[in-house]
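Colleague: Would you mind keeping the following structure in view while I ask a few things?
The values are calculated or read from the model by the stated rules, or taken from the named source; none is laboratory data. These figures come from a predicted structure and were not determined experimentally. Neighbour counts are summed over all protein chains in view; Cβ atoms, including those assigned to glycine, are modelled from backbone coordinates with ideal geometry.
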Amino acid sequence: MSNDLEFTDVVKRFGDFTAVRDLNLTIREGEFFSFLGPSGCGKTTILRMVSGFIEPTDGDIRLGGRSLRGVGPNKRPTALIFQNLALFPLMTVAENITFGLSVRGVPKSEQAALVRRMLDLIALPGLAERRIDELSGGQKQRIAIARALAVEPQVLLLDEPLSALDLKLRQHMRAELRAIQRRTGVTFIYITHDQGEALAMSDRVAVMSQGRIEQCGLSAEIYDRPTTAFVASFVGENNAIRARVVETRGGEAAVETGFGRFTGHNPRGLAAGDEAILFVRPEKLKLAADHPNCLTARVTGRVFEGTSVDLHLDHPGGRPIMVRLPNDDTLIDAAEGQALSASFATSAATILPAGEMARD
Amino acid sequence: MPDRLLTLFTRLYLGVFFLYLLFPLGYMMLLAFNNSRIPTHRNFDPTLRWFGEAWSNNRMWDGVENSLWIAALVLLIAIPLGLAGAVFLTRFKAPGKTAVYAILISPILAPGIVLGISSFIFWSQQLGFRAGWWTAALAQSSFIAAYCMLIFLARLQRFDPALEEAALDLGASPRQVFLRITVPYMRPALLSAAALAFLQSFENYTTTYFSIGAQSTFTIFIANSVRQGVTPAVNAVAFVIVMATVLVAAGYEIARRRGERRRERARRAAIAAEMQEELLGKPAAV
Amino acid sequence: MTETIQRFGYVGVTLVIGSLVAWALLLILIPHLMLIDYALHASPGAISRGAPTGWTFHSFLPLFDPDDNQLRSTLARTLATTAAITLLCLIVCYPIAYYLAKVATRGWLSLLMLALLVPFWVNEVLRAYAWRSLLSRNGLINEAAAHVGLGPFEFFNWQIPLIDANIALFVGLVYAYVLFMVFPIFNAIESLDRNQIEAARDLGASWWTIHRRIVIPHAKPGIASGCIVTFMLVAGSFIVPVLLGGRSSFWFTQAIESQFSVLNWNGGSAYALLLELICLVFIVVMMRVFGVTLRDITRS
């Protein structure tokens with residue numbers, strides 16, 4: 001129980017529009033938890049409800065057993081890192097970091113000690129007297145984090161903090177944020193539309209679409225074992241083949257597709273006759289005929305990605321099937337127009353109900 | 001029209017225009033130095049006596065005192081009102097903002113004489129107070145507060161609401177947010193609004209004249225002097241005013257340029273840090 | 001509204017709303033209603049001579065007096081002159097505004113702006129006085145004219161035909177409100193992307209076409225704003241006509257003052273209300289013609 005964050009039947013409506021619905025979730029203390037989804041899926045709304053700038057229309061949010069309803073944003077033990085950072089432009093770095101303490105009346109001597117500790121934590125010693133408008137993007141990022149951590153929140157909320165940074169810096173900051181979270185043990189709630197980020201940094205991920213959580217679990221679960229077509233198509237690259245269930249056995253099913261008969265996981269318990277989509281990841285398709293599931297098609301394109309080579313196979317009535325081959329000595333090159341066979345294991349395929357895809 | 005002719009014509013036009021603007025003032029100031037009972041440039045005989053005469057004119061100083069009291073009261077009223085209006089229009093969630101805006105702005109669009117008269121009629125005739133410097137201050141406040149509000153609006157509209165939210169999020173009470181985040185941000189706007197309010201109040205004639213009853217202000221004193229026939233003492237006063245204005249304007253310009261230079265320096269520092277970041281692929285350490 | 005209260009606290013919300021209500025009521029609405037009330041009543045003196053008590057248009061009567069033309073001609077003169085001055089101001093100030101917005105380089109710009117602003121920080125009384133000295137019989141203009149064998153000119157009695165105002169007043173009024181015409185137009189033109197003008201020139205347009213088809217349409221809100229403000233300031237101007245009007249150019253605001261000087265508050269209110277209504281009509285017409293809203297106008 002401790003300081004877990006519990007959502008119970010939380011709903012948020014703005015007039016006719018329902019931004020968040022049926023939110024039932026427990027985020028454990030000390031967890032790095034991410035909400036992943038496209039814009040408009042409701043993740044920002046959830047963040048603002050936790051931080052106190054919006055109140056839920058229905059339901060309750062509890063921290064450590066105590067309800068947060070009616071508690072103003074300045075009285076909650078949460079801290080928010082805004083998307084544009086919102087550092088106070090007229091103050092120095094030190095003044096920004098100690099702001100939360102100074103409004104609580106903490107004596108100046110303690111404040112100075114805290115500034116030193118924080119600057120060490122974010123590896124920017126000596127920047128205390130610098131003005132905000134003289135800093136770079138990465139520096140501002142870290143100071144925003146220091147400012148929020150300075151008030152010792154129980155929950156730190158991060159609103160797509162890395163979206164403004166360029167690639168290399170973003171990757172560096174991912175590791176940094178993870179390290180800081182581990183070191184401080186504060187619950188991090190992270191929202192983003194970048195799935196690579198969410199999967200890499202989080203203990204658990206909740207994939208959201210249109211106000212509802214589609215699936216919530218460990219990164220590997222989300223990736224390898226999607227339970228809805230939305231999750232399967234939104235997270236990572238995935239091949240989608242229209243199918244109809246012909247037979248089921250335990251947790252697996254056999255389906256009939258345009259390429260022939262395949263078998264795969266059936267996590268949603270579809271029955272014979274149901275319309276479905278069979279998902280298989282590009283990297284799980286092998287050019288050798290090792291597996292029972294085998295499809296043959298003509299190569300329509302070839303893309304060199306550096307670490308991999310993507311082959312596009314003709315898929316009548318659907319997007320080209322993508323086969324991702326590692327760029328190592330097992331690489332078999334194929335030319336356009338060539339007919340190829342690719343196979344995949346039953347455990348690599350997931351069969352999910354049709355009609356739940358992410359919008360392309 | 002060939003370009004060169006156009007440029008020449010433009011320069012000429014500008015020259016004539018600014019001559020038209022500045023020459024009368026210069027002429028008026030020149031007359032302050034002529035030793036002649038009637039203000040004229042004829043038989044120019046330089047002297048400073050008119051400055052002395054102006055300085056010792058008690059009625060002028062009475063007028064100045066009243067003007068200062070009025071300006072002080074106007075500042076006290078107009079700035080908080082303007083700020084309230086700007087905060088309401090930009091930050092509050094409430095209906096009817098367009099109507100509120102129109103009502104509060106309307107004094108700017110009304111003739112000064114109407115403002116003066118309506119204020120006089122309300123406070124003096126209807127409510128029975130004796131018209132004086134404070135009825136004038138109230139009349140002036142109606143439109144000066146609107147000007148202040150416009151200045152604050154312009155500044156507040158560029159204010160990132162996330163800054164106030166961040167302060168709240170970190171634990172500040174609404175009062176602390178206002179005092180420690182909003183007001184410092186508004187400082188430049190507060191200063192220009194105060195300067196504008198003071199100037200507009202001090203040099204106002206029509207609205208003041210119709211709402212002040214029998215009392216005098218600095219501008220009323222000058223107008224009376226001019227109407228009744230003058231000595232160059234008035235010109236001496238004019239000289240001082242114009243010089244003061246020029247000095248203030250110059251000072252403002254210098255301060256503005258200094259602020260710009262500082263901002264430019266900060267911008268360059270930030271860019272240097274950014275470039276370092278790109279090269280290293282991680283946040284700059286210093 | 002609850003979110004606002006949470007953001008600002010009960011005290012803050014009360015302060016803000018309270019002061020706005022006080023501002024609107026005490027400084028704007030109620031005095032105005034009083035003005036209308038007084039305008040629609042007859043003066044105590046008139047009542048004692050048989051005028052109706054209660055709501056009446058009695059105080060407006062002098063306007064319609066068939067025997068006495070003076071008030072009507074004063075009003076006509078005021079409006080005609082104001083319109084002429086507004087138009088002239090527009091023509092004179094537009095090139096200045098354009099030059100400042102698009103042609104002047106940075107250094108010159110701040111200098112010229114200062115040269116424009118400084119006269120306007122000087123009192124309007126002094127500015128009118130300056131012209132009075134300059135145009136008087138002993139003034140510099142007449143002396144210069146004498147040198148070339150012209151004049152002496154009686155600027156204070158030399159009526160301009162059609163609008164029936166004297167030259168000194170005309171010049172003085174144009175002078176008094178130049179800034180209010182330049183600034184809105186300047187602001188409007190400044191927001192025009194210079195590239196549009198260059199593109200047009202590149203395509204071979206003459207400077208006249210560029211202004212007519214690109215600059216002026218863009219500057220419309222500024223032009224409307226400038227005209228409205230200038231019109232109102234000129235029509236409502238008081239001390240400038242007093243100092244420069246001479247014996248021949250009585251201004252409508254002076255008619256208002258003469259009512260006040262005989263303590264006829266009702267008459268003065270009636271005329272003031274009339275002036276305000278005329279300005280209001282002008283504003284609405286201009287807004288319609290130019291297609292601008294209230295916010296556009298007050299942006300300057």
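Colleague: Being under 15 Å from the mean Cα position of the chain (by Cα) and not small (Gly, Ala, Ser) is the filter here; which residues of region B:121-157 pass it?
Modeller: Across region B:121-157, the qualifying residues are B:Gln140, B:Phe143, B:Ile144, B:Tyr147, B:Cys148, B:Met149, B:Leu150, B:Ile151, B:Phe152.
Colleague: Can C:Val103 be described as in contact with a Ser or Thr (Cβ under 7 Å, 6 or more places away or on another chain), surrounded by fewer than 19 Cβ atoms within 10 Å (Cβ to Cβ) and within 10 Å of chain B (Cβ to nearest Cβ)?
Modeller: No: the conditions fail for C:Val103.
Colleague: Sticking with this structure for a sec: Out of all the residues in region B:124-141, which are facing another protein chain (nearest Cβ under 10 Å) and surrounded by fewer than 24 Cβ atoms within 10 Å (Cβ to Cβ)?
Modeller: Of everything in region B:124-141, those that are facing another protein chain (nearest Cβ under 10 Å) and surrounded by fewer than 24 Cβ atoms within 10 Å (Cβ to Cβ) turn out to be B:Ser124, B:Gln125, B:Gln126, B:Leu127, B:Leu138.
Colleague: Is it true that some residue in region A:30-42 is touching a Pro at 6+ places or on another chain (Cβ under 7 Å) and assigned by TED's automatic domain parsing to the domain that holds A:Asp159?
Modeller: Within region A:30-42, not a single residue is touching a Pro at 6+ places or on another chain (Cβ under 7 Å) and assigned by TED's automatic domain parsing to the domain that holds A:Asp159.
Colleague: Going by what's in this entry, would B:Ile144 be described as modelled with pLDDT under 90 and buried (at least 24 other Cβ atoms within 10 Å of the Cβ)?
Modeller: It is false that B:Ile144 is modelled with pLDDT under 90 and buried (at least 24 other Cβ atoms within 10 Å of the Cβ).
Colleague: Tally up the residues in region A:106-145 that are of a type in the set (A, V, I, L, M) and surrounded by fewer than 16 Cβ atoms within 10 Å (Cβ to Cβ), please.
Modeller: 4
Colleague: Go through region A:137-190 and report how many residues are touching a Lys or Arg at 6+ places or on another chain (Cβ under 6 Å) and assigned to a helix (DSSP H, G or I).
Modeller: Of the residues in that region, 1 qualify.
Colleague: I would also like to ask the following. Scan region C:24-67 for residues that are of a type in the set (Asp, Glu) and modelled with pLDDT under 85 and jot them down.
Modeller: C:Asp65, C:Asp67
Colleague: Could you count how many residues in region C:42-80 are under 30 Å from C:Val174 (Cα atoms) and among the basic types (Lys, Arg)?
Modeller: Matching residues across region C:42-80 total 2.
Colleague: Could you check how many residues of region A:71-108 are closer than 19 Å to A:Leu157 by Cβ, more than 25 Å from the chain's Cα centre (by Cα) and more than 9 Å from every other protein chain (Cβ to nearest Cβ)?
Modeller: Here the count works out to 3.
Colleague: C:Trp207 passes all but one of (1) under 30 Å from C:Ser43 (Cα atoms); (2) without any contact (Cβ under 8 Å) to a residue 40 or more places away in the chain; (3) within 8 Å of chain B (Cβ to nearest Cβ); (4) not aliphatic (A, V, I, L, M); which number fails?
Modeller: (1)
Colleague: Kindly check whether there is at least one residue in region C:272-294 that is surrounded by fewer than 22 Cβ atoms within 10 Å (Cβ to Cβ), over 30 Å from C:Leu135 (Cα atoms), among the basic types (Lys, Arg) and modelled with pLDDT under 85.
Modeller: no
Colleague: Here is a follow-up. May I ask you to say which residue of B:Ile121, B:Ile144, B:Ile113 is within 13 Å of chain C (Cβ to nearest Cβ), part of a helix (DSSP H, G or I) and without any contact (Cβ under 8 Å) to a residue 12 or more places away in the chain?
Modeller: So the residue among B:Ile121, B:Ile144, B:Ile113 that is within 13 Å of chain C (Cβ to nearest Cβ), part of a helix (DSSP H, G or I) and without any contact (Cβ under 8 Å) to a residue 12 or more places away in the chain is B:Ile121.
Colleague: Regarding region B:167-175, can at least one residue be identified that is buried (at least 21 other Cβ atoms within 10 Å of the Cβ) and under 18 Å from B:Gly85 (Cα atoms)?
Modeller: Within region B:167-175, one or more residues are buried (at least 21 other Cβ atoms within 10 Å of the Cβ) and under 18 Å from B:Gly85 (Cα atoms).
Colleague: What number of residues in region A:302-336 are touching a strand residue (DSSP E or B) at 6+ places or on another chain (Cβ under 6 Å) and in a loop (DSSP other than H, G, I, E, B)?
Modeller: 7
Colleague: Follow-up. Hey, among B:Trp50, B:Trp61, B:Trp69, which residue is touching a Ser or Thr at 6+ places or on another chain (Cβ under 8 Å), surrounded by 11 or more Cβ atoms within 10 Å (Cβ to Cβ) and assigned to a helix (DSSP H, G or I)?
Modeller: None of the others qualify; the one that does is B:Trp50.
Colleague: Hey, among the residues in region A:315-356 that are at pLDDT below 90 and among the charged types (D, E, K, R), which one's farthest from A:Arg242 (Cα to Cα)?
Modeller: A:Asp329
Colleague: Exactly one condition in (1) in a helix (DSSP H, G or I); (2) over 30 Å from C:Ser19 (Cα atoms); (3) in contact with a helix residue (DSSP H, G or I) (Cβ under 7 Å, 6 or more places away or on another chain) is false for B:Val74; which is it?
Modeller: Of the numbered conditions (1) in a helix (DSSP H, G or I); (2) over 30 Å from C:Ser19 (Cα atoms); (3) in contact with a helix residue (DSSP H, G or I) (Cβ under 7 Å, 6 or more places away or on another chain), the odd one out for B:Val74 is (2).
Colleague: Anything in region C:1-14 that is in a helix (DSSP H, G or I) and either in contact (Cβ under 8 Å) with a residue 60 or more places away in the chain or at the interface with another protein chain (Cβ under 7 Å from one of its Cβ atoms) (or both)? List them, or say none.
Modeller: C:Glu3, C:Thr4, C:Gln6, C:Arg7, C:Phe8, C:Gly9, C:Gly12
Colleague: I've got another one for you. Would you be able to say whether some residue in region B:74-83 is at the interface with another protein chain (Cβ under 8 Å from one of its Cβ atoms), closer than 30 Å to B:Leu153 by Cβ and not acidic (Asp, Glu)?
Modeller: Yes: region B:74-83 contains one or more residues that are at the interface with another protein chain (Cβ under 8 Å from one of its Cβ atoms), closer than 30 Å to B:Leu153 by Cβ and not acidic (Asp, Glu).
Colleague: Then there's this: If a residue counts only when it is surrounded by 18 or more Cβ atoms within 10 Å (Cβ to Cβ), within 11 Å of chain C (Cβ to nearest Cβ) and over 15 Å from the mean Cα position of the chain (by Cα), which helices (runs of 4 or more DSSP H) contained entirely in region B:181-247 have at least 2 such residues?
Modeller: The helices (runs of 4 or more DSSP H) meeting that bar are B:206-211, B:218-228.
Colleague: A follow-up question, please. Checking the conditions here, which among A:Gly52, A:Gly64 is buried (at least 22 other Cβ atoms within 10 Å of the Cβ) and more than 20 Å from the chain's Cα centre (by Cα)?
Modeller: A:Gly52
Colleague: I want to confirm something. Restricting to region A:39-51 and keeping residues that are modelled with pLDDT of 90 or more and touching a Ser or Thr at 6+ places or on another chain (Cβ under 7 Å), which single residue is nearest to A:Lys12 (Cα to Cα)?
Modeller: Per the criteria, the residue is A:Val50.
Colleague: What's the number of the condition A:Gly217 fails, among (1) modelled with pLDDT under 90; (2) not in a helix (DSSP H, G or I)?
Modeller: It fails just one condition, (1).
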